[in-house]
Amino acid sequence: MWDSFYEQFITYDGYKLVLQGLQNTMVIALLGLVIGIVLGTIVAVIHVAGTRSKVARVFAAVGDVYTTIFRGTPIVVQLLVFHFVIFLPLKININGVWESVIVFGLNSGAYVSEIMRGGIQSVDVGQLEAGRTLGLSFTVTMLKVVFPQAVKNVVPTLGNELIAITKDTSVAGYVGTTDLTLAFSSLASNDYKIILPYIFLALVYLVIVIIFTVIIRVVERRLRKSERRS
Amino acid sequence: MKEEVKRQLLASDAYAEEDVSVAARLARGERVALIEVENLTKKFGDLVVLDDITEKVEQGEKVAIIGPSGSGKSTFLRCLNVLEDPTSGAVYFEGANLVDKKVDINLHRRRMGMVFQQFNLFNNMNVLKNITLAPVHIGLHDLRKTKAKNALLRFTNLFRSAANKKTLLPVQTSAKKIREDAKQNALRLLARIGLADKANVYPSTLSGGQRQRIAIVRALAMNPKVMLFDEPTSALDPEMVGEVLELIKELADEGMTMVIVTHEMGFAREVATRVLFMDGGKIQEQGTPQQIFGDPQNERLKDFLSKVL
């Protein structure tokens, strides 16, 4: 068993494939989350501002449709639809990794928008009112007062989202992107000795998630400290 | 027949009496009070919270608003700076109708300080930043605007003949000076309330009384024409009420115009020049503190006073 795995992994350069897969998985997860945070924040702010004017209300409705669609369908289906219904027929030829980054970013944005909305609404409305009564505009008060507090509130949940999206990337192989899962699968399918590759696959994901968890905890503690500083 | 015509003429004369609405008086160039509220109505759904209120606040007045909870006093105060959008009616501040969407509300709110029951200090900033945030931001914003206008003027001047060149707007300040001035002003205000040593701490480490006094000087840092207090002592522990009321009283003695919604009857009696009693969305009775507390006329006011005094 070990010999076979060693042979696949070292002799036949399997480790190169795995490293490529690891890199792709990280790129998809991290970039996807960054896109998700930007997109989700925009959608959330529009939603919160949605009652203020008719134009904002239209945008808020668009945002609602977006979150409904991307939260209402499985990520695998979204990948397939984007790959076979949008990118292929339109002859948009981009790297599978970037394709996955786009889909995971859009998917994550839908979730992050809900997280951000919760975060913004968890900040006492008095904070916004205090800013407005001092003559600051809605936008400025949002940026300088409400937002920093909202971000502090959502860091734990965003960490959760990072972990979730990292694990979700394991389906990127459906559209041919060489992620961690696809890399290990191909090792296993080369000689049908499947036990060790899959165990190692699971361990690699576990280690990644544990590292993320530690990082998130450190960030959280840092943020909380700044408020208690006297 | 002649009698009939005369009667009609008299009647029409009565109707032709001068229009006293604020807009008409402004149009005639007459003086209006610092704040004038006209037919102010506020509904939350079907619930009428403010029912057709017309009232004014003159410069230098200290108006206390009392009344049972749910009577609309806080909503009335929040309508004065349009924190609550009135359903109908107008709120004039220094002659500008704040309800009008075309009016830049932020410009006028700078001149109206507001203090909340829950203090609402910015939790993510230290005390100094809390006080300087608005003055610095607005100062820099105005500076940028002036500079942008000057840049435009300089550009258009290129196409004007030498005689027609327009003069640039004066820029007497700099970003650095704005920051420094705001900081000095904040430190001066903090020293005044005896909290200069707290400039760099975060609000969460302060007592309620300290927070509320800082909230007051934060509003003062904008040099407002009027201060609106929304039950400033209701969320405080009893032993801290005194220090906050003391500060408000000092401001009153300095001549600051103020409108205070309060449950502190003793304070209202001592500081107010005029007391309004609100109930059911209307101002039921108003007068000097002596009249309101010593000789109440309205049944509901008598009932209210018997419960709180």
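The values are calculated or read from the model by the stated rules, or taken from the named source; none is laboratory data. Everything quoted here is computed from the prediction, not taken from an experiment. Because the Cβ atoms are built from the backbone with ideal geometry, glycine has one as well, and the counts that use them run over all protein chains shown. For accessibility, only protein heavy atoms count, side chains too; no ligands or nucleic acids. Shrake-Rupley method; radii C 1.70, N 1.55, O 1.52, S 1.80 Å.
Odds and ends about this structure:
Residue-by-condition table, conditions (1) closer than 23 Å to B:Ala219 by Cα; (2) among the hydrophobic types (A, V, I, L, M, F, W, C); (3) part of a helix (DSSP H, G or I):
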{"position": "B:Ser71", "(1), (2), (3)": "no, no, no"}
{"position": "B:Leu77", "(1), (2), (3)": "yes, yes, yes"}
{"position": "B:Pro86", "(1), (2), (3)": "no, no, no"}
{"position": "B:Val91", "(1), (2), (3)": "yes, yes, no"}
{"position": "B:Asp100", "(1), (2), (3)": "no, no, no"}
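- Residue identified as under 26 Å from A:Val140 (Cβ atoms), within 22 Å of the chain's Cα centre (by Cα) and more than 13 Å from every other protein chain (Cβ to nearest Cβ) among B:Asn223, B:Asn150, B:Asn185: B:Asn185
- Residue list for the range B:32-44, filter: closer than 26 Å to B:Val308 by Cβ, out of contact with any Leu (no Cβ under 6 Å at 6 or more places or on another chain) and either at pLDDT 95 or above or open to solvent by less than 30 Å² (accessible area, probe 1.4 Å) (or both): B:Val37
- Segments classed as helices (runs of 4 or more DSSP H), wholly inside the range A:138-230, with at least 2 members that are over 25 Å from the mean Cα position of the chain (by Cα) and of a type outside the set (Ser, Thr, Tyr): A:138-141, A:180-191, A:195-228
- Counting only residues that are more than 14 Å from B:Ala33 (Cα to Cα) and hydrophobic (A, V, I, L, M, F, W, C), the range B:51-72 holds 4 of them.
- B:Asn106 being part of a loop (DSSP other than H, G, I, E, B) and at the interface with chain A (Cβ under 10 Å from one of its Cβ atoms): no
Yes/no per residue for (1) among the hydrophobic types (A, V, I, L, M, F, W, C); (2) open to solvent by 40 Å² or more (accessible area, probe 1.4 Å); (3) farther than 23 Å from A:Leu106 by Cβ:
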{"position": "A:Ile165", "(1), (2), (3)": "yes, no, no"}
{"position": "A:Leu196", "(1), (2), (3)": "yes, no, yes"}
{"position": "A:Ile208", "(1), (2), (3)": "yes, no, no"}
{"position": "A:Lys225", "(1), (2), (3)": "no, yes, yes"}
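- A:Ser113 vs. criteria in contact (Cβ under 8 Å) with a residue 24 or more places away in the chain, under 30 Å from B:Asn106 (Cβ atoms) and open to solvent by 40 Å² or more (accessible area, probe 1.4 Å): no
- Count of the range B:97-109 residues which are of a type in the set (A, V, I, L, M, F, W, C) and either open to solvent by less than 20 Å² (accessible area, probe 1.4 Å) or closer than 20 Å to B:Gly280 by Cα (or both): 1
- Residue within the range A:126-136 that is hydrophobic (A, V, I, L, M, F, W, C), facing chain B (nearest Cβ under 8 Å) and open to solvent by 20 Å² or more (accessible area, probe 1.4 Å) present: no
- Selected residue (only one of A:Ile115, A:Ile94 is away from every other protein chain (no Cβ under 14 Å), under 26 Å from A:Leu162 (Cα atoms) and not in a helix (DSSP H, G or I)): A:Ile94
- Residue within the range B:236-257 that is of a type outside the set (D, E, K, R), within 14 Å of chain A (Cβ to nearest Cβ) and open to solvent by 40 Å² or more (accessible area, probe 1.4 Å) present: no
- In the range B:45-91, of all residues being of a type in the set (Ser, Thr, Tyr), open to solvent by 30 Å² or more (accessible area, probe 1.4 Å) and under 18 Å from B:Asp279 (Cα atoms), the one that is farthest from the chain's Cα centre (by Cα) corresponds to B:Ser69.
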